[in-house]
Amino acid sequence: MLMSIMNKLNGALEKYFLPVAMKISGNIYLQAIRDGLTLTMPLLIVGSIFLIFGYLPIPGYPELMTKIFGELWKQRVLYPVQVTYDVMALVAAIGVAYRLAERKKVDPISCGAISLTTFLLLTPFNILHKVGESTITVTGINIGLVGSKGLFVAIIVGVCSTQLVKFAIDKNLVIKMPDSVPPAVSKSFSALIPAMITIVLALIIRIGFEITPFEHIHNFITIILGKPLTILGGSFLGTILSVFAAQIFWSMGLHGATIVGSVMTPIWLQMMDQNRLAFQLGQEIPNVTNSAFIFYASKLGGSGLTLSLVFFMTFMARSKQLKEIGKMSLGPSIFNINEPVIFGTPIVMNPILVIPFIVAPIVSTTLLYWGTKLGIIGITTGVNVPWTLPGPIYAYLITGGSISATIGVLVTLIVPAIIYYPFFKIYDEQKYKEETQGE
């Protein structure tokens, strides 16, 4: 009965869902956004390390640091945070344009430079006036709009500016230099007219927004696009739908985290940075959901929370195949890498194991979301740490040393174990019979 239902479900997924999933995963613009944002990850992790040092959750730590390094120790430790988190959009503008240019077969570094310049042109400057014996006007980049607040604009600029460069090249609107000219010089001149077209259009857009109530494009994007997406991505329903979609994609052999992340990562990064700013200012942390929480709730041990399944396979399986796959996968799974389990067991298109693979992370995310929302479990502070850290260490660091969150990791171990066990027994028995009959 179960097999019949699951076979029908798999057939429906293959017929109606798989074509849509394949189109999404193959979209070069989503791929460029995904890969471009990946450029920010090492910087955010480095910034998070210094953020941890600035707020290390050890009693007496601030007093000790003040005694050794003086009153300004925290301010100085947090300098790297300001040049990583606070310029996130600048890096994204370059990264998205660069990765899209690679796929469009145009010069990536030129597109990255044009994208960065265009983004800064669309971003209003801070203007400071000092009135005394003389009037001094100082202009500078609005640092508040080149961090997470400017992320949506940076992504749009990265895509559109590169598309304009590609259009100009296709229409032969470039300056061609003789073959004797060094390639670097030739590429610079080739980018001249595309850069002019892009910058002129950006200037028109900026002036156009200045005469509207929005004042600039950042306000427009935040109001029209950013707020609805943030509400959806940060709500319980949006969180569960994101986890569900990722698991469905994985169960069909597609990289679910990558596909969902290409859409949701800009939203989650923005929400994570809001938590980071509130944490630094000692204010109430606003968002339960963000990149760190999604990983903590649904991916510890790997997507689908398969660590308990790996333990069952390693120590309880009668099937030689499952036991060997379990042994091979145990080490990587502790560090949140579980492709060997997903594709080796396999879970992909497996009518038995795909059920707990989808259900377990949804249940775990639900429990941890409401546990955090109700104040039972510590909330994430905006720290971004390497995703390969074992679960308890990961939870401890992303929540600023919350013991309740560290204990909450048990939810991602015990709950999936309960859900996976009966399905594991059915599948193990099935594989064992196949092996013994073969012998």
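The values are calculated or read from the model by the stated rules, or taken from the named source; none is laboratory data. Just so we're clear, the structure is a prediction, and the values are computed from it rather than from any experiment. So basically every Cβ, Gly included, is an ideal-geometry build from the backbone, and we count neighbours across all protein chains shown. Heavy atoms of the whole protein, side chains included, go into the accessibility calculation; ligands, DNA and RNA do not. Shrake-Rupley method; radii C 1.70, N 1.55, O 1.52, S 1.80 Å.
Tabulated results
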quantity	calculated
Per-residue SASA entry for I403, accessible area with 1.4 Å probe, Å² rounded to 10	100
Percent RCO, i.e. relative contact order, over the chain, from Cα pairs under 8 Å lying at least 6 residues apart	15
In degrees, nearest ten, helix 256-281 long axis to first principal axis of the chain (Cα)	60
Added length on full extension, which subtracts the Cα-Cα distance from 0.36 nm per residue, E210 to F236	5.7 nm
Computed FRET value (nearest 0.05) for Q75 with I418, which takes r as the C-beta separation and R₀ as 45 Å	0.40
Whole-Å semi-axes of the ellipsoid equivalent to the stretch 245-399 (Cα gyration tensor, √5λ, descending)	30, 16, 13
Distance (nanometres) between label positions extended 7 Å along Cα→Cβ at I223 and Y432	6.6
Potential extension, I407-F335 segment - 0.36 nm per residue separation minus Cα distance	24.1 nm
Accessible area (Å², per residue) of the stretch 252-306, counting only protein heavy atoms and a probe of 1.4 Å	27
Nonlocal amide H pairs with T399, under 5 Å, H built at 1.01 Å	T381
Label-zone membership for the stretch 367-390, site I45, 7 angstrom Cα→C-beta point, backbone N under 19 Å	381-390
Acute angle (nearest 10 degrees) that the helix 307-316 long axis makes with the longest principal axis of the chain, alpha-carbon atoms	30
Fraction of accessible area attributable to carbon and sulfur, the chain (%, probe 1.4 Å)	70
Computed [θ] at 222 nm, helices only, for the chain once each DSSP H run of length n ≥ 4 contributes -39500 (n - 2.57)	-21500 deg cm²/dmol
Amide H contacts of N384 (H built 1.01 Å from N, under 5 Å, at least 5 apart or other chain)	S48
Length gained when the stretch K373-L64 is fully extended (0.36 nm per residue, less Cα-Cα span)	107.9 nm
R0 of 30 Å, Cβ-Cβ distance D170-F343: FRET efficiency to nearest 0.05	0.15
Tilt relative to the chain, helix 151-170 - C-alpha long axis, 0 to 90 degrees, to 10	70
